[in-house]
Amino acid sequence: MRGAVLLIGASLVLRVLILRDSYFVEDDLLFVGNAYESDLSLDFVTRIHKGHFMPGALALTWVLSRIAPYDWLLVATVTFLAQALLGVLALRLLRLLFGTRPAILLPLAVLLFSPLTIPPFGWWASALNAIPLQLAMVLALTAQIRFARGEGSRYGRHAMAWSVTGMAFSTKGVFVVFLLFAVTTAFLGDREAGWVRSMIGELGRNRRLWGAYLALMAAYTALYLARRDTAPGEGAVVPKPDVAVDLVGLMLGRTFPTGAVGGPLTWSPVTPTGGMSGPSDVMVAVSWLVLAVLVAATVAYRRRALRAWSILAAYLVFADAVPTVIARGSFTAMIGAETRYVADAVVVLAVVLGLALMPLRGEADPYRRPLPPRSSLVLTAGLAAGAYLAASLASIEAYRATLSGDRVRAYLNTVAAELARVPDDAVIYPTPVPEDIVLAVNGDRRLSTRLLAPLARPGTRIRMAHPEPSHEARVFNEDGRLVRMSVFGFFQPAPQGERCIPSVNGVVTLPGVAASGGKRDGAGALSYTAGRAVSATVEIGAERIMLNLRETQSGLVHFPVRGTGPDLRIVIDDPAAQVCLTGVALGVAAPEGWRPS
């Protein structure tokens, strides 16, 4: 199978180019931050992340992040090796199904070169779901075929184990069970019986196996529902009808069909993770025409070809469209243009294409009527494969042009350099990383104490998580440099014409100055002059913050704010000390001079 080896090798060269131009983005940073905030425990790996239940993926991110945080070479190497393994195992699956014949190169090429799989491959957070799921699908199908052919009951258990593996990396893993059942009853059972009769017969013959699958899916669903409170406000929602309709239309009407024939050729709009599928209307029309001709021709010649295409259609609807609508159908229909939501269907497409074109190994009388002359078939297959590969290569290159990890790479490299030379006693307050790196919708999860602390020494990491009052507080700016800190929010200066904020017996009270509290980046500041060092206490609700007011060049001290209260009191512990408070600020930590855009 020299041709198969060449296909796998060529596809991996393209994947290397994608990894070279990609870098950590968005959820990737959240995963690294999570890994350093938690132990590798059952509680950690069973958390829900934006609707995804993926214990295996979270465990893998924890291990890789602890080995080397934000090491793209490490992450890219693991991703590449998994993809290489997928190519080899897919070839084994096709040979098992159809025997060793040149025709299996067609579905193999579809799987290896489909542009639908490229965007999730280069985005680590997506690859963590996509590639292990695809591997699990291929391995489960391989084991199920051997079980259905009577090679031993252990292969039924192997198929179940690989299905569980798929569930561990993606919630779509539950649909692997239905795929196994559909392929088994449509092609591996009694080929002369109707499909429904074959299903009934399969359930009767192997009721224990399918009963175990049913129990497994029920347990998985129960565990998912039990852990939903680990991600409040994320996951399943009631979709908006108009958004849901447009999303499904985009996903199944444009994104998948164009990707199935080598498109979309063009990618727009471009997001931080790369371009979204943006095929032209002409490309969409050509794609549907090609698919219609393919389905019609195979149904006309190949027995049970309609079953194969029905499996693909059902998978797209129930495994891809419905879950996406449930999870994302209240946001925007443009999610339907993200190929990661249909990347798993490429495995199904490759298998279904083979089933619709070729006889199974040992299958007798696979065709309804005599096939056209061999020379015509070879020419047609060659032209189709060439056109598909040409379109796929053009689409992949066009997608690669939308990738740029330079911004995040430069930011993280700067942060690492700053943290490497910062003194051990430095005080660094939490601030959000820039919105062009992690979106604001992620809330406190995008704070520097979570996402950037993994690059710090252990002692500095602890101090970042628990900043102390400081006269030399620092924060990260938009470029990843440590700069002087300020407080953005409420500011109370001394009254007009006065030098100091009035006090009574060393106590300054600011009624109605509310601190929201509970914010991980909450902070305050006092500007003052002091004749000698004196201690002071800031009181916000039940919180007491001890400060040391000593003479400094800046005359400014910053402190963390966690409490909640309607009033602010500042108590100078020695009222006789010559302390003049010239300003009070409450809000969030920010780089000096920063203003919201």
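The values are calculated or read from the model by the stated rules, or taken from the named source; none is laboratory data. Quick caveat: nothing in here was measured; it's all calculated off a predicted structure. Reconstructed Cβ throughout: ideal geometry from the backbone, glycine too, with neighbour counts over all protein chains shown. Accessible surface areas use protein heavy atoms only, side chains included; no ligands, DNA or RNA. Shrake-Rupley method; radii C 1.70, N 1.55, O 1.52, S 1.80 Å.
Can you pull the one-decimal nm distance between simple spin-label points at Thr100 and Arg532, each 7 Å off the Cα toward Cβ?
That separation, rounded to one decimal, is 9.4 nm.
Would you please put 15-21, 152-158, 125-131 in order of how densely packed they are, using the mean number of other Cβ atoms within 10 angstrom per residue and starting with the highest?
125-131, 15-21, 152-158
Would you be so kind as to identify which of Gly489, Gly563, Ile428 lies farthest towards the positive end of the dipole of region 407-591, taking Lys and Arg as +1 and Asp and Glu as -1 on Cβ and the Cα centre as origin?
With unit charges placed on the Cβ atoms, the residue in question is Ile428.
In angstroms, what radius of gyration and Dmax does region 407-591 have, counting Cα atoms only?
Values for region 407-591 (Cα only, Rg and Dmax): 17.1, 54 Å.
What does the net charge come to around Ala300 if you take all other residues with beta carbon closer than 12 Å to its beta carbon, with K and R at +1 and D and E at -1? Before the final figure, lay out each step's value.
Numbers: positive: Arg302, Arg303, Arg368, Arg369; negative: none.
Local net charge: +4.
What does the charge count near Phe147 come to, summing +1 for each Lys or Arg and -1 for each Asp or Glu among other residues with Cβ under 14 Å from its Cβ?
+4
Residues of region 244-261 with backbone nitrogen within less than 15 Å of a virtual label 7 Å along the Cα-to-Cβ line of Val293, please, listed as ranges.
What the label zone holds, given the 15 Å backbone N cut-off, is 261.
Computed from the mean reciprocal separation of all distinct C-alpha pairs, what Kirkwood hydrodynamic radius does region 95-207 have, in Å?
It works out to 15.3 Å.
Where the centroid of each part is defined by its Cα atoms, how far is region 448-475 from region 519-597 in Å?
Centre-to-centre distance over Cα atoms comes out at 19 Å.
Roughly how many percent of the accessible protein surface of region 407-591 is carbon and sulfur, given a 1.4 Å probe and a whole-percent answer? Don't skip to the answer; put the middle values down first.
Values: 4460 of 8400 Å².
After summing per-atom areas, the C and S share lands at 53 percent.
Which of the three applies to region 134-290, rounded, prolate or oblate, going by the alpha-carbon gyration tensor with a ≥ b ≥ c and a/c under 1.5 meaning rounded?
Oblate.
Give the residue list of trypsin sites (Lys or Arg not before Pro) in region 450-485 that are DSSP loop and have at most 16 other beta-carbon atoms within 10 angstrom. Mind showing how you got there, number by number?
Details: sites: Arg450, Arg461, Arg463, Arg474, Arg481, Arg484; in loops: Arg481.
Within region 450-485, the qualifying trypsin sites (Lys or Arg not before Pro) (loop, at most 16 other Cβ atoms within 10 Å) are Arg481.
So what does log10 I(q)/I(0) come out to for the chain at q = 0.06, 0.07, 0.09 Å⁻¹, using the Debye formula with one equal point on every Cα and no solvent?
The calculated log intensity ratios at q = 0.06, 0.07, 0.09 Å⁻¹ are -0.41, -0.53, -0.77.
Please compute the per residue accessible area over region 1-117 with all protein chains in place, 1.4 Å probe, rounded to a whole number of Å².
Per-residue value: 36 Å².
Considering all projection directions equally, how large on average is the shadow of the alpha-carbon convex hull of region 1-142, in square nanometres?
8.7 nm²
Taking a ≥ b ≥ c as the square roots of the Cα gyration tensor eigenvalues, with a/c under 1.5 meaning rounded and otherwise prolate when a/b beats b/c, else oblate, which class fits region 424-499? Could you put the intermediate results ahead of the total?
Values: a/c = 2.57, a/b = 1.48, b/c = 1.73.
Oblate, because a/c is 1.5 or more while a/b does not exceed b/c.
Need one number: nm distance between label points at Ala420 and Arg550, each 7 Å from Cα along Cα→Cβ, rounded to one decimal.
3.2 nm
Modelled label-to-label distance, Leu6 and Arg205, 7 Å Cα→beta-carbon offset: nm?
4.0 nm
How charged is the neighbourhood of Leu355? Take every other residue with its Cβ under 9 Å from the Cβ of Leu355, and add Lys/Arg as +1 and Asp/Glu as -1.
Summing Lys/Arg as +1 and Asp/Glu as -1 gives +3.
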